[in-house]
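Each value in this text was obtained by applying a stated rule to the coordinates, not by laboratory testing. What you are looking at is a predicted structure, and each value in this text was computed from that prediction instead of being measured. Cβ: placed from backbone, ideal geometry, glycine included. Neighbour counts: every protein chain shown.
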Amino acid sequence: MARRRSDQPTAPVSHGRSPPPTPQDSRPPAFNQRGVARALAVQIRPAEVRDVPALVELWGELATLHERLDGGFALSRTWRRAYEEYLVHLLGREDVLVVVAESQGQLVGLAVGRITLLPAFFRQRRRGYIQDVYTREGYRGQGIGRAMLARIEAWLRRQGVRRVELTVAAGNPQAEAFWERAGYRTYMVYRAKDL
């Protein structure tokens, strides 16, 4: 869930590229040859209600990407308010964990995992579901998404979940490669038809 727990210490993501910033260090992150920001220090932590405005902006970036991939993901005019209400609802649930990646006081990533329950005719009823994992452009390729995913997977394991599922938007080869590297395999194919 979104509350900080003593058994869930925050874990900085550092790859030895740059030293962590001091509190008075407000320099922007350094960039590598591909123009990707090098991680100064990234903290992965449970989301809090105070994070909601920044989370809405991050999710909006992800939703805009999905909208470009398929018009079925087109956002409503009131999506900001609706997603804010949805997030506040998620943060109050015991079967959901929302984590954020924070760098120099700015949120640069979000991930949402939840526990679902299948009907009683399945032997393995409790399933984990990865709803979203998103890292802001400029911070990708540094293990931030993987660190957020690891945090959610660890939480799911502690909740007794043994199988985790997710969906990937078609036409997003970077996301497909990310999930394959993380050990996720295709086991179902979703199809859609507009009527």
* Translational D in µm²/s for region 147-187 (Stokes-Einstein at 20 °C, 1.002 mPa s, Kirkwood Rh from C-alpha pairs) -> 190
* To do: Would you kindly give the portion of the calculated P(r) for region 54-132 that falls above 17 Å, as a percent of all Cα pairs?
  => 57
* Asked: Ranked from highest to lowest mean number of other Cβ atoms within 10 Å per residue, what is the order of the peptides 47-55, 141-149?
  -> 141-149, 47-55
* To do: Mind jotting down the three principal axis lengths of region 100-181 based on Cα atoms? Whole angstrom, largest first.
  => 46, 30, 16
* Structure fact -> Once Leu75 and Lys193 are pulled to full extension, the length gained, defined as 0.36 nm per residue separation minus their Cα-Cα distance, is 40.6 nm
* Give me the orientation-averaged projected area of the Cα convex hull of region 37-181, in nm², one decimal. => 9.5
